[in-house]
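In what follows, a structure is listed as structure tokens, so that the remarks can point back to it.
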Amino acid sequence: MNVVTTYPPRRKAIRAAQACDACRARKAKCDEGRPSCGFCKESQVACVYREVPPPKQDRTLMQILDRLSRVETLLETINTRGESQSQNSEASPNQAASKVTSPAQQSPVTTASASRSTTMQHPTEILMDEDAQLTIPYQHTTAAHKLLWWPSIRKLVDPELLKHESYVIDEEQNRGTLKIYGRGEECSGGDPNFEEDSDFASSNAESFESIPDETIMGLGPDGKLRLDRQTVQELLNSFLINIHILHPILDKASITNTAFRFADLFGPSSQESTSTYSSADSARLGMSNNSTGTMPSPQSHRNSISGKRKRSLSTPHPATGPSQPKPIPRTVHSALVLLVLALGAVCLHRRPVPGPLPKANPQAPFPPVFSNATSPFGSPPFSANSPAYRQQPANGGSKAELRNIDVIPGLAYFSEAIAIMGALAGSNDLENVQAGLLAGLYWGQLGRVLDSWKWISWACMGCQIMIRMKLATEKNALRKDLIIRAFWSCLQLESDVLAELDLPPSGISRLEDSMLLPSGITSPPSPYTDIVADDPLMWMYYLAQIALRKLLNRVHTALYVYKQDKTHLDSPRSLKLARELDYQLEQWKSHLPAPLCWKSTDPPSCDINAARLRAKYYGARYIIHRPFVYHALHPGSTANSSPHGHYAESPKAAEDQGGEDRWDITPNELEQNCRKCVEAALRSTTAFHAFSPDDMRPIITNVFGTAHAQFGNLLILQAVYQSSVLRGMIPQQVLADLIPKTIHWLHTLTPISPALRRDAIMLHNAAEKLDFPLPALPTFH
């Protein structure tokens with residue numbers, strides 16, 4: 001019998017990252033000792049290290065971030081000038097009392113240093129100092145529903161639909177909490193009859209068999225969580241392909257190892273040999289820093305866990321008898337795995353996500369939302385008759401026995417994870433912050449923006465504590481990088497919500513300018529998994545999103561500050577400021593790596609990361625130039641206001657200031673800037689049109705925010721079209737094609753968001769007033 005002995009491949013010698021000048025001269029290896037290497041110390045010569053230039057990718061980001069400082073300098077200069085004008089007015093109290101200060105005479109942003117100088121004289125202004133450090137102010141005018149303050153847009157919508165100015169937050173708050181083990185949503189004040197518990201007790205195994213895809217829902221025929229290896233592999237792969245590529249807050253190898261270890265220990269067949277795991281891993285299901293993982297390429301499934309290398313993850317089980325699965329431990333690592341599975345499950349559900357089951361009329365568990373008009377995407381509209389809503393009972397099971405946990409994808413895994421996290425809310429460790437972000441991302445997929453914000457805000461608070469206490473002293477490079485990734489994902493996810501809703505910020509943006517960028521390092525190879533290396537394109541997108549978010553936050557602060565006296569600036573403080581912001585945005589685009597670049601004539605991308613990046617870019621461009629559209633639609637007005645007292649700055653008010661801060665813009669410049677806004681609104685709205693909302697919905701992290709922003713885009717475009725001055729900027733056929741597609745997408749989201757339902761109604765109401773025929777639009781029953 002021939003015995004073949006194999007040896008591991010010889011490890012390549014590690015080259016010094018930076019040799020000192022003395023070792024370079026003698027062409028010998030340097031041990032990189034600091035402050036002196038071994039050779040220089042022994043030879044008693046000066047040890048000098050040259051400065052290593054950063055990699056090309058880092059240089060690009062450094063240039064982008066350096067250019068952002070120009071915006072901050074400009075804002076501070078304008079603020080200083082505004083303060084000096086304010087002091088002059090205070091010197092003449094009679095003159096100050098004789099006229100009302102206009103919004104144009106107020107500074108658009110108060111810097112932290114200026115506020116600190118006044119806190120000794122005015123202790124009550126300490127909160128203003130705190131707000132000045134927030135990159136998105138607590139109350140601002142960027143949100144789409146605040147466009148309803150514009151007189152030109154108020155004319156488009158029937159008065160009865162404009163009665164409730166705060167309809168977005170009211171609708172989402174009044175809907176109640178999701179009844180996981182029951183039907184419907186919990187009304188404010190709770191249910192003293194414990195209806196949810198009785199619903200749970202009345203269910204039986206037959207109701208589970210009526211679910212078409214148990215893998216997505218998470219519960220098996222016995223009513224228990226599906227934790228078999230095949231299911232875990234499929235859901236983990238879905239998470240890596242759809243969520244991890246957008247926010248890589250977990251080490252891919254570690255979560256892969258942990259997820260499969262979880263399935264082996266707590267699945268229905270715990271027969272896998274545990275010889276490859278340490279006792280510590282078995283005890284705590286920890287995120288081992290000595291394992292590696294990879295993320296599947298967003299371009300191809302061949303790099304995913306369920307693809308080409310699947311065999312290495314499906315090693316045969318030893319021929320041993322079946323054993324009872326162990327109970328799931330109540331640890332944060334268990335919660336992390338369950339949250340990953342929940343997100344993987346909801347991402348596998350590519351049709352519109354179903355909303356809560358209604359409590360009334362059990363014979364019609366899914367109420368009709370709109371009529372069976374033809375979808376502008378070529379598919380039947382999402383309604384009570386769509387395949388995603390048809391639940392045929394098996395073996396005599398009744399539809400009335402179904403609960404929310406039976407029909408909402410991933411909710412079974414999520415509810416178990418949240419039950420664990422409830423007892424761990426006081427911890428501020430990395431894993432707790434990661435779990436909070438994953439919980440927020442899951443609620444975001446269900447369109448529950450307030451639930452999502454609560455968990456994201458909780459993660460942001462814990463992240464700030466973790467950074468102040470542990471970041472500087474963390475010795476493990478991978479864990480330190482994971483902390484940095486958690487910070488940037490916290491900042492991005494919270495900013496996306498605060499851009500559309502007036503909710504209290506966590507304050508994490510105060511650390512933005514002092515934080516490092518993530519490096520994207522991963523742990524070394526593991527004997528348990530055999531998956532491909534990181535996709536560098538994913539990291540390019542992630543870092544580009546970070547740089548763009550920093551710029552977007554400055555745009556919010558510069559252009560859309562909401563003042564305490566109920567006035568707001570809905571135009572640039574000066575033309576110079578608007579030009580500078582536009583310049584910074586174009587500089588960001590011009591510095592993108594080649595794989596991320598696109599042309600304005602390119603069709604919508606079918607790669608979700610590319611689509612998200614383009615949508616954010618055009619969204620920023622639209623926000624920067626939107627004030628010009630306001631002034632073109634309302635020429636010569638000095639105090640255009642809504643019935644609720646919200647005023648917008650006018651050109652005349654700015655001219656009263658005199659000097660370089662006046663609204664000095666020619667008609668040709670105004671037209672050019674309006675065209676930029678209209679073009680950006682069009683491209684931002686069509687950015688996700690490569691995805692069909694009926695059978696291949698785009699997996700985005702903030703479903704509500706994206707849909708609500710597109711509602712605002714369409715309001716602007718309709719107002720532009722109906723303006724005699726700007727009408728020629730948007731072709732009739734383009735608007736006729738865009739309106740039904742946008743309304744249809746909003747309709748697919750109405751089962752999961754009452755605020756988006758109202759958006760769809762108002763958009764439909766405005767479209768009816770257009771002077772050209774539209775295709776058949778879905779209508780509400």
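The values are calculated or read from the model by the stated rules, or taken from the named source; none is laboratory data. All values derive from a computational prediction rather than experimental measurement. Glycine also receives a Cβ, built like all others from the backbone with ideal geometry; neighbour counts cover every protein chain displayed.
General remarks:
- Residue, surrounded by the most Cβ atoms within 10 Å (Cβ to Cβ), within region 326-344, restricted to residues that are closer than 17 Å to Pro268 by Cβ and over 26 Å from the mean Cα position of the chain (by Cα): Ile328
- Candidates Ala283, Ala319 - the one that is at pLDDT below 80, assigned to a loop (DSSP other than H, G, I, E, B), aliphatic (A, V, I, L, M) and surrounded by fewer than 21 Cβ atoms within 10 Å (Cβ to Cβ): Ala319
- In region 464-485, the residues that are in contact (Cβ under 8 Å) with a residue 12 or more places away in the chain form Cβ pairs under 8 Å with partners that are of a type in the set (Gly, Ala, Ser) and buried (at least 20 other Cβ atoms within 10 Å of the Cβ), at six or more places apart or across chains, as follows: Gln464/Ser506; Met466/Ala486; Leu478/Ser523.
- Among the residues of region 420-468, those identified as small (Gly, Ala, Ser) and surrounded by fewer than 19 Cβ atoms within 10 Å (Cβ to Cβ) are Gly422, Ala423, Ala425, Gly426, Ser427.
Residue by residue, here is whether (1) within 20 Å of Leu774 (Cα to Cα); (2) free of Cβ contacts under 8 Å to residues at least 12 places away in the same chain; (3) part of a helix (DSSP H, G or I) holds:
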site	(1), (2), (3)
Ser724	no, yes, no
Leu735	yes, no, yes
Leu738	yes, no, yes
Trp745	yes, no, yes
Thr748	yes, no, yes
Pro751	no, no, no
Ala760	yes, no, yes
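- Within the option set Tyr542, Tyr560, Tyr528, being at pLDDT 90 or above and of a type outside the set (Lys, Arg) holds for one residue only, Tyr542.
- Being surrounded by 22 or more Cβ atoms within 10 Å (Cβ to Cβ), assigned to a helix (DSSP H, G or I) and modelled with pLDDT of 85 or more is not true of Tyr583.
Conditions tested, residue by residue: (1) more than 15 Å from the chain's Cα centre (by Cα); (2) under 30 Å from His747 (Cβ atoms); (3) of a type in the set (Gly, Ala, Ser).
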| residue | (1), (2), (3) |
| --- | --- |
| Gly440 | no, yes, yes |
| Trp443 | no, yes, no |
| Ser457 | no, yes, yes |
| Met461 | yes, no, no |
| Leu471 | yes, no, no |
| Glu474 | yes, no, no |
| Ile484 | yes, no, no |
